[in-house]
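Structure, as structure tokens:
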Amino acid sequence: MEILNLYNITLIDGDGIGPEITQAVVEIIEAAGVKINWEKCLAGARAYEKFSDTIPEETIKSIEKNKICLKAPITTPIGTGFKSVNVALRRHFDLYANVRPSKNLPAVKTPFNDVDLVIIRENTEDIYAGIENKIDENTIHGVKLITRAGCERICEFAFEYALKNNRSKVGVVTKANISKLADGMFLNTFREVSKKYNNIETHEILVDNLCMQLVQKPSQFDVLVMPNLYGDIVSDLCAGLIGGLGVAQSANIGKSCAIFEAVHGSAPDIAGLGIANPTGLLRSACMMLNYIGEIEAGKNIEKALFEVLQEGKALTKDLGGNATSEEFKKEIIKKLAK
Ligand code: NAI
């Protein structure tokens, strides 16, 4: 008799479209034959309503215990209100590496068909350290925090990722011509770390030039490592290269914990309509399956997803179709059953 692993994984189904896409993803994973004991926890706006806390203690404890979490998007007030739950979780669990692969999907039409790159974004420092002071009513002092240890571990992560994933080139992205100390240290650390990885080609590029080159010839890039803010912006640009936020996946990895989440937000404009695209969260879940060693299941889900996209009969509105999230999910499950 085949003995199946049973995984304990924390599940945060988020705000807005979060619960809709999470339900679809949970059912697809089940249909792929992976047995998961989902520990459902709250974070974000709904957690605040119930516990007056955006990240309740029981959510923290659950992630600490399980070490793995699948998380749907959370609403964060812009400019005012509570601080970003995402940033707080990344900092609490020291999830220093944000991994965002961008590769063309079958039948998702974009200006390019040869995009295959991975952004490795430093996830805990830079302006996200949240150090801002009011000097007076009209002057704010915001700090860009960069540490040598932070630069070292993210550069090492990028090279190790390249090795493990058979990638041949790692580029470092900075604005070291202007930020001579902070980005200068990131760049110099990259140069130091690269000496340990002789088989991997390296290159250096300024973030403004990178943006221009990405929208002209993205195929020239492979793995790109960069500080937090550039990574945030450039990785959304790269999501645009492969069909938009609805299809992009990401992982936040630390030494002892990992949180997998879609790149997009809680999409309040379409919440509750049942038309959200679960692809971004589903692909993030595939990264999670890969991480826990359920590689075959992850591959099977991707294959089923690609077939559904290729056929084009059950696409959600953001991909030019008129299927509901439910219909999209059912099509994927049908493929998995074959
Ligand atoms: P958003 O990503 O929620 O929405 C941008 C546009 O993309 C909207 O038109 C939305 O309908 C569409 N969209 C996003 N995901 C989609 C999906 N799966 N299927 C179909 N269409 C989709 O970005 P927005 O509006 O800037 O942010 C809304 C909220 O989400 C804010 O509170 C923001 O702070 C939060 N947010 C949370 C993130 C997270 O939890 N990881 C990441 C980004 C934003």
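Taken residue by residue, the stretch 202-221 has no member that is within 27 Å of VAL85 (Cα to Cα) and open to solvent by 50 Å² or more (accessible area, probe 1.4 Å).
Applying the selection to the stretch 46-63, what residues are of a type outside the set (S, T, N, Q), over 20 Å from the mean Cα position of the chain (by Cα) and open to solvent by less than 100 Å² (accessible area, probe 1.4 Å)? Once the filter is applied, which keeps residues that are of a type outside the set (S, T, N, Q), over 20 Å from the mean Cα position of the chain (by Cα) and open to solvent by less than 100 Å² (accessible area, probe 1.4 Å), the stretch 46-63 yields ARG46, ALA47, PHE51, ASP53, PRO56.
Which ones in the stretch 139-178 are outside any helix (DSSP H, G or I) and within 15 Å of GLU125 (Cα to Cα)? Before you say what the answer is, go through the steps one by one.
Within the stretch 139-178, the first condition is being outside any helix (DSSP H, G or I), and the residues that meet it are 139-147, 165-178.
Residues satisfying the conditions are GLY142, VAL143, LYS144, LEU145, ILE146, THR147, THR174.
Filtered by the rule that a residue be under 22 Å from PHE93 (Cβ atoms), over 18 Å from the mean Cα position of the chain (by Cα) and among the charged types (D, E, K, R), the stretch 1-45 gives GLU39, LYS40. Within the stretch 130-141, the set of residues being within 18 Å of LEU229 (Cβ to Cβ) and either open to solvent by 50 Å² or more (accessible area, probe 1.4 Å) or under 19 Å from the mean Cα position of the chain (by Cα) (or both) comprises ILE131, GLU132, ILE140, HIS141. Within the stretch 134-145, residues that are closer than 19 Å to ALA182 by Cα sit with their Cβ atoms under 6 Å from residues that are in a loop (DSSP other than H, G, I, E, B) and not aromatic (Phe, Trp, Tyr), at 6+ positions apart or across chains, in these pairs: VAL143/ILE131; LEU145/GLU125. Scanning the stretch 303-336 for residues that are among the polar types (S, T, N, Q), open to solvent by 40 Å² or more (accessible area, probe 1.4 Å) and touching a residue at least 24 places away in the same chain (Cβ under 8 Å) gives GLN310, THR324.
Of THR80, THR76, which residue is closer than 22 Å to GLY231 by Cβ and modelled with pLDDT under 90? Working first, answer last.
On the way: THR80 fails: closer than 22 Å to GLY231 by Cβ.
Step by step, each of THR80, THR76 is checked, and only THR76 is closer than 22 Å to GLY231 by Cβ and modelled with pLDDT under 90.
Taken residue by residue, the stretch 110-130 has at least one member that is outside any strand (DSSP E or B), within 16 Å of the ligand (Cβ to nearest atom) and among the small types (Gly, Ala, Ser).
Residues in the stretch 194-239 that are farther than 20 Å from THR124 by Cα and of a type in the set (Gly, Ala, Ser): SER194, SER219, ALA239.
Kindly establish whether GLY246 is more than 25 Å from TYR96 (Cβ to Cβ) and open to solvent by 10 Å² or more (accessible area, probe 1.4 Å). Walk me through it before giving the result.
Values: more than 25 Å from TYR96 (Cβ to Cβ): yes; open to solvent by 10 Å² or more (accessible area, probe 1.4 Å): yes.
So GLY246 fits the description; yes.
When the residues of the stretch 11-28 are filtered to those that are more than 13 Å from ALA285 (Cβ to Cβ) and open to solvent by 20 Å² or more (accessible area, probe 1.4 Å), which remaining residue is nearest to the ligand (Cβ to nearest atom)? My answer is GLY16.
One residue is enough: does the stretch 70-84 have a residue meeting the conditions touching a Phe, Trp or Tyr at 6+ places or on another chain (Cβ under 8 Å), within 30 Å of PHE306 (Cα to Cα), buried (at least 22 other Cβ atoms within 10 Å of the Cβ) and outside the structural domain of GLY280 (by TED's automatic domain parsing)? Let's see the steps before the verdict.
Quick first cut of the stretch 70-84, residues touching a Phe, Trp or Tyr at 6+ places or on another chain (Cβ under 8 Å) only: 70-71, 76, 82.
If we keep only those that are within 30 Å of PHE306 (Cα to Cα) too, we end up with 70-71.
After this cut, where a residue has to be buried (at least 22 other Cβ atoms within 10 Å of the Cβ) as well, the list is 70-71.
Add one more test, that the residue is outside the structural domain of GLY280 (by TED's automatic domain parsing), and what stays is none.
No, the stretch 70-84 has no match at all.
The values are calculated or read from the model by the stated rules, or taken from the named source; none is laboratory data. Nothing here was measured: the structure is a model prediction, and the numbers come from that model. A quick note on method: Cβ atoms are made from the backbone with ideal geometry, for glycine too, and the neighbour counts reach across all protein chains shown. What goes into the accessible areas is simple: the full protein's heavy atoms, side chains included, and nothing from ligands, DNA or RNA. Shrake-Rupley method; radii C 1.70, N 1.55, O 1.52, S 1.80 Å.
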